[in-house]
Amino acid sequence: MLNKKAVSPVVGFVLVLAVISLSMALLQVQFLPAWEKRSEAKSSSRLLSEVSKIPEILTQSSSTVLKLDLGVRYTKYPLLVSPPSTAGYVRFIPENVTINATIAGTTTPYNRSYKTDAILVHPFYVYLSDRMYLYEYGAVFENGSNYYRPVPVVNQISFYKNTICIPILNSTEREVAGTNIPLNFFLVSKSTGIPLENVNITVETKNVNYWNHTLRAIYGASNVSVRGNDVTVHVRSITLYTPSWVVSSQKVSSNMTRAVSKIVPLSGVVYVSDNSVTPVSVVVVDQFGNPYPGVMVNATVKYGATNASISPARLETNIQGEVTFYVYGLNAGNATLNFTAGSANASVEVRVLATPVPTPVPTVSSIDLKGNLTLWNYSSTTSSYTGSLNATAKVLDINGNPVSGVPVTITLSVLYYKGGGGGTTWLVSTTTVYTNTSTTDSSGVVKLSDVSVNVSLSATISYKYAYTELSASCYGVTTSYTNYSSIASATGGGVSSAIPTYPYTICYP
């Protein structure tokens, strides 16, 4: 016969055990993922903050270490099964950079091709959606399975209106896995900036849309083009910086060396007259294409030593990697200069020109000037007078003798004055309405007779008086006369003529 007193405790125990098991299962399935997801979100936020420091590091002038924490350490709860700690990896992705330009102020081409690395940081999460963080060209992106977006707190640091700085980043490894990964950034070659003209820069990118949009906003849509994964920007003139870095999870500074790659002349053919001197400059660049300061450059005349010489024989490059020598013209003819630094060398052609016999410049002491301007009518539509100009300028030397065969420039100008209290006036603008250059005759005279002129008045500024001035100049000597009979005013209601009747004649002096 069944003992009912014995069955009741067993059933109760089973029911309690079932409730406990159900509660533990609910905690494991529903609550634990939510708790651990918060741990992953905190880890993701910390990692993103660390990756976002890379652009700032690459703008510094010293080597540094960045520690990336890719791991998630999940909280352990009694009787619940938490995931084991996770890790991740850092991958270095090669990208191409091509630069085609000319060095500013010269015809010297500046063509460079670089391999640089983007940095992809990929943590592993159990509960959060898959995500990666990417650094390239001074910007940081968050990439998901079907999206990418730039990190809003990190503005790209490479492209500006007048300056482009592309850090050239090369890794000693392709991929590094782990929980805590140190990235050692070692500055191999500091860039001092090279002024360039007619610049075309092409970058290979993982985020074509972002760079296309960003560069169009800076340089204009017509100056940016896209082809596959390449974005090309055209700039009329910029200063380019390409500092070179090496990155590794190991200490690498002791293994990095810098070497002279080439010598680049900053001019084409050098022209110099005999018995004169002219400068010639070169820049020394390293294997990363950056100017190399502190390098000794030797200069010699390879061919044509009887026609030219160069001095000094050796110089050290300055902070811009440049050095300037001086070429002396000895005799008319050709010569070839040779520059060497280590195993690099460059040549520059020299053309020595015979000095022409100088033509003596006549000595001009003074100019006698007389003239008159006759105004015939005024057009309120064009704010201008039509008139005719007569002028005679006689050029004299120090002894009062006429000087023939010299150029004389006769100019008619309008001077705009504002007026203040107490009868004070001040000049606000000057415009030239007529100019002519002619050569003096045997009597040292230049004459203008009834020359038609159009005296246009400014309608864009405010003035109380508009005076006319006649001047004549020759070899640095100028004579001018201002007639203080105002011909117009413009004080806010448009230009008003001040001429009472026509024709109206103004004399100088």
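The values are calculated or read from the model by the stated rules, or taken from the named source; none is laboratory data. Since the structure is predicted, the reported quantities are computational estimates derived from the model, not experimental observations. With ideal geometry, Cβ positions are generated from the backbone for all residues, glycine too; neighbour counts draw on all protein chains shown.
On the stretch given as region 334-365, residues that are more than 40 Å from the chain's Cα centre (by Cα) and on the phi > 0 side of the Ramachandran plot total 0. The set of residues in region 300-319 that are within 32 Å of the chain's Cα centre (by Cα) and either loosely packed, with under 14 Cβ neighbours inside 10 Å or more than 19 Å from I103 (Cβ to Cβ) (or both) comprises L315, E316, I319.
Tallying residues that are in contact with a helix residue (DSSP H, G or I) (Cβ under 7 Å, 6 or more places away or on another chain) and closer than 20 Å to A139 by Cβ within region 204-236 yields 7. Among the conditions (1) closer than 18 Å to T108 by Cα; (2) touching a His at 6+ places or on another chain (Cβ under 9 Å), the only one that T324 does not satisfy is (2). For region 306-318, the condition of being among the hydroxyl-bearing types (S, T, Y), modelled with pLDDT of 90 or more and within 30 Å of S456 (Cα to Cα) holds for none of the residues.
Of all residues in region 125-158, those that are over 14 Å from T205 (Cα atoms), surrounded by 15 or more Cβ atoms within 10 Å (Cβ to Cβ) and of a type outside the set (K, R) total 10. Just to be sure, is T108 under 42 Å from the mean Cα position of the chain (by Cα), surrounded by fewer than 18 Cβ atoms within 10 Å (Cβ to Cβ), within 23 Å of V235 (Cα to Cα) and among the hydroxyl-bearing types (S, T, Y)? Answer is yes for this residue. Scanning region 388-401 for residues that are polar (S, T, N, Q) and assigned to a strand (DSSP E or B) returns S388, N390, T392. The residues of region 419-448 that are among the small types (G, A, S), touching a strand residue (DSSP E or B) at 6+ places or on another chain (Cβ under 7 Å) and not in a strand (DSSP E or B), listed by number, are S443, G444.
Only one entry of I119, I157 meets the criterion of being more than 18 Å from the chain's Cα centre (by Cα) and among the β-branched types (V, I, T), and that entry is I119. One residue stands out in region 473-509 among those that are closer than 20 Å to N436 by Cβ and of a type in the set (G, A, S): the one that is surrounded by the fewest Cβ atoms within 10 Å (Cβ to Cβ), namely G476. Hey, does region 109-121 have a residue that's within 30 Å of V284 (Cα to Cα), of a type in the set (K, R) and either in contact with a strand residue (DSSP E or B) (Cβ under 7 Å, 6 or more places away or on another chain) or not in a strand (DSSP E or B) (or both)? Yes; the residues of region 109-121 include at least one that is within 30 Å of V284 (Cα to Cα), of a type in the set (K, R) and either in contact with a strand residue (DSSP E or B) (Cβ under 7 Å, 6 or more places away or on another chain) or not in a strand (DSSP E or B) (or both). Taken over region 88-115, the residue count meeting the criterion of being in contact with a Gly (Cβ under 9 Å, 6 or more places away or on another chain) and modelled with pLDDT of 85 or more is 4. Out of the residues in region 232-270 meeting the condition of being under 21 Å from G193 (Cβ atoms) and of a type in the set (K, R), tell me which one is modelled with the lowest pLDDT. Checking each candidate, the answer is R258. Residues in region 402-418 include none that are over 14 Å from D441 (Cβ atoms) and not in a strand (DSSP E or B).
Selection of strands (runs of 3 or more DSSP E) fully inside region 299-387 by the criterion of at least 1 residues being closer than 30 Å to V414 by Cα and either in the same structural domain as V264 (by TED's automatic domain parsing) or acidic (D, E) (or both) returns 366-379.
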